[in-house]
1. Mind checking whether some residue in the stretch 316-338 is open to solvent by less than 30 Å² (accessible area, probe 1.4 Å), at pLDDT 95 or above, in the same structural domain as residue 137 (by TED's automatic domain parsing) and out of contact with any strand residue (DSSP E or B) (no Cβ under 6 Å at 6 or more places or on another chain)?
2. Among the residues of the stretch 94-106 satisfying the criterion of being β-branched (Val, Ile, Thr) and open to solvent by less than 10 Å² (accessible area, probe 1.4 Å), which is farthest from residue 157 (Cα to Cα)?
3. Can you find a residue in the stretch 238-249 that is out of contact with any Pro (no Cβ under 9 Å at 6 or more places or on another chain), in contact (Cβ under 8 Å) with a residue 12 or more places away in the chain, within 16 Å of ligand 1 (Cβ to nearest atom) and on the phi > 0 side of the Ramachandran plot?
4. For the stretch 107-117, state whether one or more residues are more than 16 Å from ligand 2 (Cβ to nearest atom) and crowded, with 21+ Cβ neighbours inside 10 Å.
5. If we keep just the residues of the stretch 143-187 that are modelled with pLDDT under 95 and crowded, with 24+ Cβ neighbours inside 10 Å, which is nearest to ligand 1 (Cβ to nearest atom)?
6. Does the stretch 52-69 hold any residues that are open to solvent by less than 50 Å² (accessible area, probe 1.4 Å), out of contact with any Pro (no Cβ under 8 Å at 6 or more places or on another chain) and within 12 Å of residue 211 (Cα to Cα), and which are they?
7. I'd like the full set of residues that are away from ligand 1 (no atom under 11 Å from the Cβ) and open to solvent by less than 10 Å² (accessible area, probe 1.4 Å), limited to the stretch 125-134.
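The values are calculated or read from the model by the stated rules, or taken from the named source; none is laboratory data. Note that this is a predicted model, so its numbers are computed, not measured. Note that we place each Cβ from the backbone using ideal geometry, even for glycine, and neighbour counts take in every protein chain shown. All accessible areas refer to the heavy atoms of the entire protein, side chains included, with ligands and DNA or RNA removed. Shrake-Rupley method; radii C 1.70, N 1.55, O 1.52, S 1.80 Å.
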Amino acid sequence: MSTTLDINTRRNSAAAPASAPASLAGLTRPALREALVNSGAVPPEKAKMRADQLWRWIHHHGVTGFDAMTNVSKDLRAALAERFTLARPELVERQVSRDGTRKYLIRLAPGVECETVFIPDVGRSGALCVSSQVGCTLNCTFCHTGTQALVRNLTAQEIAAQVLIARDDLGEWPTSNENRQITNIVFMGMGEPLYNFDAVADSIDVISDGDGIAISRRRTTVSTSGVVPKIRELGERTQAMLAISLHATNDGLRDELVPLNRKYPIAELMEAIRAYPGLSNARRVTFEYVMLKGVNDSLAEARALVNLLKGVPAKINLIPFNPWPGAPYECSDWETIEKFAEVVNRAGYASPIRTPRGRDILAACGQLRSESVKQRASERRKLEREAGAAS
Ligand code: SAH
Ligand code: SF4
């Protein structure tokens, strides 16, 4: 079966309609070369050299205009500016939490919005949580994104642009090796990354390139709800770290929480994980386990979790459930989470509880977008009422 969604997406906006100059920011190297040649601004024999030059300006220096490219001739800069921009998608909303968490709502096209969250102090410094789709087809019952219909897959350029926008906001240009705030990338925003495989893999090429954004593949984690046939390929193609949204230790419960489990049950999932390329004690799989009160948080389940992961180089992330309006679950009590964590700790997994971050702005993943959709709907209703009253 094909696990890549067959929906209408632009592969990259270099192919955007002639009316809107396309942005070169966030394109892969091959797409950048192609765009330059197709536009007629650069002859094919010079494409590689020019693309390499531009690449560094765009992804190492983060420039937003061609004039800054001092080693590119004036004429070529003018020719490029006629045909292209270095624009990022529109930042519709930006929220900064007291704890430093930043949440961005980004408009990719009218009605197509995704979320990106910067979380400080994870790993050595900070992680940027990026989206791979707008909405999700998978309907996990605890996930707010799952309640939203899939709008579409993001392009590789749109995924990379989330990093550009966050770096613009944090003043992280040019790329430096010291004092970076965004040191890690996690594909844990909206969407199932393995249902948008090619774009995710291409975006990792862009983000990890040492002459650009330079966030290494080992500091990039792709989280999946368990698309078994794509797991091995993910490791081979991207060398990224793997995270698995497990959330239950038996098929009965996992079928309910993560409906994809009905297609790829736990035993098959574990087999695919064990075969993940490059797995070792230095490169462990992260298992995410959302703590749902009275649902999956008993001590027996903690023991079952530890048993299930025996022999797999693993990290465990217990995630306090982030409630959203109308959610059918509550977060486990803190005491219960601590007891659960103790069992996991005793089995040799260090500090497994993920501290809730940005609670004051974050609510649940997917919520900012739906708040904005709701707001638009209520504005529309208000306008309709006013129009009705006027007629
Ligand atoms: N679709 C992928 C990646 C995006 S979800 C996946 O499911 O792995 C990223 C993580 O957030 C997943 O582990 C998901 O289970 C978790 N998550 C989703 N909704 C949540 C909520 N309301 N509270 C806590 N964690 C949640
Ligand atoms: Fe989709 Fe992941 Fe949410 Fe499940 S948890 S609905 S796979 S985004």
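1. no
2. Step by step, filter the stretch 94-106, then rank; the result is 101.
3. Within the stretch 238-249, one or more residues are out of contact with any Pro (no Cβ under 9 Å at 6 or more places or on another chain), in contact (Cβ under 8 Å) with a residue 12 or more places away in the chain, within 16 Å of ligand 1 (Cβ to nearest atom) and on the phi > 0 side of the Ramachandran plot.
4. Going residue by residue through the stretch 107-117, those that are more than 16 Å from ligand 2 (Cβ to nearest atom) are 107-112.
Next, only the ones that are crowded, with 21+ Cβ neighbours inside 10 Å stay: 108.
Yes, the stretch 107-117 contains a residue that is more than 16 Å from ligand 2 (Cβ to nearest atom) and crowded, with 21+ Cβ neighbours inside 10 Å.
5. 143
6. We begin by selecting, within the stretch 52-69, every residue open to solvent by less than 50 Å² (accessible area, probe 1.4 Å); these are 52-55, 57-60, 62-63, 65-66, 68-69.
Then drop every residue that is not out of contact with any Pro (no Cβ under 8 Å at 6 or more places or on another chain), which leaves 52-55, 57-59, 63, 65-66, 68-69.
Those that are open to solvent by less than 50 Å² (accessible area, probe 1.4 Å), out of contact with any Pro (no Cβ under 8 Å at 6 or more places or on another chain) and within 12 Å of residue 211 (Cα to Cα): 52, 53, 54, 55, 57, 58, 59.
7. Pass one, the stretch 125-134, residues away from ligand 1 (no atom under 11 Å from the Cβ): 125-128, 134.
126, 127, 128, 134 - these are the residues of the stretch 125-134 that are away from ligand 1 (no atom under 11 Å from the Cβ) and open to solvent by less than 10 Å² (accessible area, probe 1.4 Å).
Here is a yes/no grid of residues against (1) hydrophobic (A, V, I, L, M, F, W, C); (2) touching a residue at least 12 places away in the same chain (Cβ under 8 Å):
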residue	(1), (2)
158	no, yes
164	yes, yes
168	no, yes
198	no, yes
212	no, yes
236	no, yes
255	no, no
